[in-house]
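Just so you know, all these numbers are worked out from the coordinates, no wet-lab data involved. Note that this is a predicted model, so its numbers are computed, not measured. Note that we place each Cβ from the backbone using ideal geometry, even for glycine, and neighbour counts take in every protein chain shown.
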């Protein structure tokens, strides 16, 4: 059997610890899926990790990674990611 949830706005599912604090949340809307959690993983049909996000790391487990967009867009995104990583690293080491 399956569980079907439908909404004209969005559907939000939250996980809570024994104290009632939200420890994870998934929100599915018309335009976006938002995940608030300590980690996030997309698995293949056979259970192998394809995409994993943890606090400071993003791992792509496929044999091929394709990045779309112009070189300028990609370079700008890479600079932002690099600066963000360096700032986080510096904050943790200071």
* P(r) of region 1-56 over all Cα-Cα pairs, binned every 5 Å from zero, in whole percent -> 4, 14, 17, 20, 25, 15, 4, 0
* Asked: How many nm separate the modelled label positions at residue 40 and residue 66, each set 7 Å beyond the Cα in the direction of the Cβ?
  -> 2.2 nm
